[in-house]
Amino acid sequence: MHHPRKNLKTKHDDRIILHFDIDCFYAQVFENKTPSLKSLPLGIRQKSLLATCNYPARRLGVKKLMSIASALSICPELVIVDGQDLTPFRDVSKRLYTLLRSYSWNDKVERLGLDEVWMDVSDVVEYNLDLLNWNDLEHSWFCLDKENPERGFAFDASGWAGRVYGHGHHDYFGGVEETDGEPEPLKTKLLLASHLAFYLRMKIEEEGYTTACGISTNKLLAKLVGNMNKPRNQTTLLSCGPDGEGTVRKFMGSHQLRKVPGIGGKTAAILSDWFISQADPDPNLNPKDITVANLLSLNPPLTPPTLCSLLSSSSSSSSFPPSSARDLLSLLNGHDPSPVKPARSLPTQISIEDTYHACPLTSLTQIRSELVKITSSLLKRMKTDLWDDEKRRWIARPKTLRLTTRPRVDPREGKGYGYLRVSKSGPLPGCVFHFGSNTNGDGDDGGGNTAAAMAQVAERLVKETLLPIFHQLNPLNPREGKTRSYSIGLLNVCVTNMDSVNPTAGGGGGRDIKDMFVRAREFTVYDPDPDQHHLVDNYDADENQFEPGAEPLETLDVDMDRDMGMDAEDVDVDVNVKHYQHPDLIPAKHQQDSMMMIPTTSNEYFHIEDDDKVWDAEEGNVWENDEADEELDYLREAGGMSSGDGEGGDGTTCPLCNHFIPFFALSAHERFHSMESEGA
Ligand code: TTP
Ligand code: MG
């Protein structure tokens, strides 16, 4: 069988990458708080669905992202706890991320969502390869600190830690084999990495959390192989030895097309159709069961030009670039050169949002009180993320405050995410930084003087800054006078434009900011309960994705001087809100049980632009590829996720993490990704 390898990108298989995924993350957070829950089937509720459930529940048939009603019908004894408040999840996520990061030498520690982390441990492993005493492998020492040889752990290098995938799909428990009399470096490195991964997993367990981990030579393979043995286990992909390539090919080949991160539902469908037209398989074959191996077994083989022509025809506006076709083929072959991105110490922004579509806010008193609540949460969040308790100072000060509002919308109108959302930004008043230093010595922001100071600052911020912005966004019609009643369905308050006080604290660099914005997609999920049509949830306003080719319908330039009574010199960002009409976007509606999802592919949306956050779709691939000068599939499927069939009815594959998401769960899923841009 011929494979068009000469066009594939470099394999970069000299790296060693770990991918950690916390088991049933939200559920474990609750279990740690109340250990008696551990033995009970537990579901974490977010509005009308389960964000996740623990493994006892899964054993009884409950699944992640099931509706509460279905879960209860399957498992009436399911204990359900409310997971709407994301604060505890963010806090644990940050803690565990920081823990892993403390073991990194190169700071290449990248998060995906709240509970997944990649680590590039090539340097640590390489160092320990040189230390290995081949005459006494059983009593090896893994050094975790070059400066301090005593910081490390003892391990038995004559065998693997955890499970191994390879050697004809069987687990392999042998020791370090020799090839032609010489130990094979890659195999030994993978073995060392398996022990490091095990050690780190045990460290995380000391914090109360079990994990799954994948160990391989790139991000794609590490993530996929980690799924092989869940929960509480790890798997190393043996991509070494005389048939290392064959092992990778078999491993990748076993995956359904849509399970490959980076291949969205639309592309999977196009490729499946093409496979069917070329191979004429059994008519009973379900297209969604077509695997990578099926596709790559075709003769003549799939080549970049074929891919370009197949995928270009699906897009009316642009042709699929050859470089992206090569990237896609690389992914199918298990090659992923994308680097693990350096850690970021700071979030790019922090925003808090609430929706009121079941019960819109009609009076200024209500609006004011909700703004105070949101602002208080925001301040608390700022304190957690941006305040250094030890050094008792801010590590970064956001410079910009943004308010976004939207009137209550009728879910049946079929309008998309950006519909009627309006935003304005201005300088963040300095008073917000005062509560941080007002602590009574213990740094506890939860009580005493700090809580009082925070409440005061929230009140002041609302009165002096947010309400004036609110009035500009929702001006009174002179004819209505003061009798006007509002109908506000959404409020979002955001601080952004982080100014790092400690220049070394920023990390990450500008690329991440762009990526974070691009990761954010636009979804609005409605729950058209016949009696009470209310918005189930709404994805964060602030990171709308700019669609290439979209034409602005109107531009609302915000003149800070004129509109906000602010000193122009204070204005750090030149904010304008553009209202775009995208030529290709077609509104669509999908039904799932009693839920209706109105996807982002609506005709209208806003793009909020500012100086240091200009982003474009081409930079936003999750599997970042430095050389990619063109957008990849998941970006072509912009407007969010692509629809497709999946287990359990209508749903879609997330182009960011490749989870299959039922339509009714999209909102929670979007929110889940949006948090990446906020949590550090
Ligand atoms: P996952 O890692 O996908 O799920 P999990 O950790 O619960 O389970 P697993 O053992 O299979 O890894 O997501 C992490 C958390 O993110 C999850 O606990 C709940 C939340 N989440 C959402 O809120 N919405 C979503 O759509 C997804 C996928 C996850
Ligand atoms: Mg998980």
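The values are calculated or read from the model by the stated rules, or taken from the named source; none is laboratory data. Remember, it's a predicted structure, so these values are computed and weren't measured experimentally. FYI the Cβ positions are ideal-geometry reconstructions off the backbone, even for glycines, and counts take in every protein chain you see.
Would you please list the contacts, defined by Cβ atoms under 6 Å and residues six or more apart or on different chains, that run from a residue in segment 22-33 that is on the phi < 0 side of the Ramachandran plot and free of Cβ contacts under 8 Å to residues at least 40 places away in the same chain to a residue that is near ligand 1 (Cβ under 8 Å from one of its atoms) and part of a loop (DSSP other than H, G, I, E, B)?
none
Determine whether residue 120 is in contact with a strand residue (DSSP E or B) (Cβ under 7 Å, 6 or more places away or on another chain), more than 16 Å from ligand 1 (Cβ to nearest atom) and at negative phi.
yes
Would you say residue 51 is without any contact (Cβ under 8 Å) to a residue 60 or more places away in the chain and buried (at least 23 other Cβ atoms within 10 Å of the Cβ)?
no
Enumerate the helices (runs of 4 or more DSSP H) found wholly within segment 7-124, keeping only those where 2 or more residues are away from ligand 2 (no atom under 15 Å from the Cβ) and of a type in the set (Val, Ile, Thr).
Result: 68-74, 87-101.
Can you name every residue in segment 51-89 that is within 20 Å of residue 353 (Cα to Cα) and within 21 Å of the chain's Cα centre (by Cα)?
Passing the criteria: 51, 83, 84, 85, 86, 87, 88, 89.
Looking only at residues that are within 16 Å of ligand 1 (Cβ to nearest atom) and either of a type in the set (Val, Ile, Thr) or surrounded by fewer than 23 Cβ atoms within 10 Å (Cβ to Cβ) (or both) in segment 97-110, which one is farthest from residue 149 (Cα to Cα)?
Ranking the qualifying residues of segment 97-110, first place goes to 97.
Condition first: closer than 30 Å to residue 357 by Cα, of a type in the set (A, V, I, L, M, F, W, C), part of a loop (DSSP other than H, G, I, E, B) and at pLDDT below 80. Can you find one or more residues in segment 409-416 that meet it?
yes
Output the number of the condition that residue 391 fails; it satisfies all remaining conditions of (1) surrounded by fewer than 18 Cβ atoms within 10 Å (Cβ to Cβ); (2) of a type in the set (Lys, Arg); (3) touching a residue at least 40 places away in the same chain (Cβ under 8 Å).
Single failed check for residue 391: (3).
For segment 219-273, give me the residue count where each residue is buried (at least 24 other Cβ atoms within 10 Å of the Cβ) and in a strand (DSSP E or B).
Selection size over segment 219-273: 4.
Which of the residues belonging to segment 196-238 are free of Cβ contacts under 8 Å to residues at least 12 places away in the same chain and within 15 Å of ligand 2 (Cβ to nearest atom)?
Once the filter is applied, which keeps residues that are free of Cβ contacts under 8 Å to residues at least 12 places away in the same chain and within 15 Å of ligand 2 (Cβ to nearest atom), segment 196-238 yields only 205.
How many of the residues in segment 221-276 are among the polar types (S, T, N, Q) and within 19 Å of residue 336 (Cα to Cα)?
Qualifying residue count for the region: 8.
Surrounded by 15 or more Cβ atoms within 10 Å (Cβ to Cβ), over 23 Å from residue 233 (Cβ atoms), hydroxyl-bearing (Ser, Thr, Tyr) and more than 16 Å from ligand 1 (Cβ to nearest atom): does that describe residue 127?
yes
Output the number of the condition that residue 432 fails; it satisfies all remaining conditions of (1) touching a Pro at 6+ places or on another chain (Cβ under 9 Å); (2) modelled with pLDDT of 90 or more; (3) of a type in the set (A, V, I, L, M).
For residue 432, the exception is condition (2).
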